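Asker: Before we start, here is the structure in question, set down as structure tokens.
The values are calculated or read from the model by the stated rules, or taken from the named source; none is laboratory data. Every value quoted in this text rests on a predicted model; they were computed, and no experiment measured them. All Cβ positions, glycine included, derive from the backbone under ideal geometry; neighbour counts span all protein chains shown.
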């Protein structure tokens with residue numbers, strides 16, 4: 001039997017890669033993914049977005065990290081009060 005030889009460049013696409021880091025958990029207050037910082041709508045629409053729309057989302061992601069403040073409970077909270 002012969003082997004198929006497929007050139008890798010056939011399968012490459014010129015598009016912005018997803019920011020997904022496979023940590024798919026939605027923050028209960030901010031309503032964004034704690035891994036990639038996208039909203040649920042952005043995640044659902046990603047494959048249908050234009051490159052321009054994807055670039056717009058990508059540029060907004062760094063500012064969203066501040067929305068995911070860690071809860072200060074346990075020992076860390078007690079240390080703040082000391």
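Asker: Counting only residues that are assigned to a loop (DSSP other than H, G, I, E, B) and more than 16 Å from the chain's Cα centre (by Cα), which one in the range 29-52 is modelled with the lowest pLDDT?
Answerer: 29
Asker: It is to be established whether one or more residues within the range 59-74 are in contact with a helix residue (DSSP H, G or I) (Cβ under 6 Å, 6 or more places away or on another chain), modelled with pLDDT of 90 or more and assigned to a helix (DSSP H, G or I).
Answerer: There is no residue in the range 59-74 that is in contact with a helix residue (DSSP H, G or I) (Cβ under 6 Å, 6 or more places away or on another chain), modelled with pLDDT of 90 or more and assigned to a helix (DSSP H, G or I).
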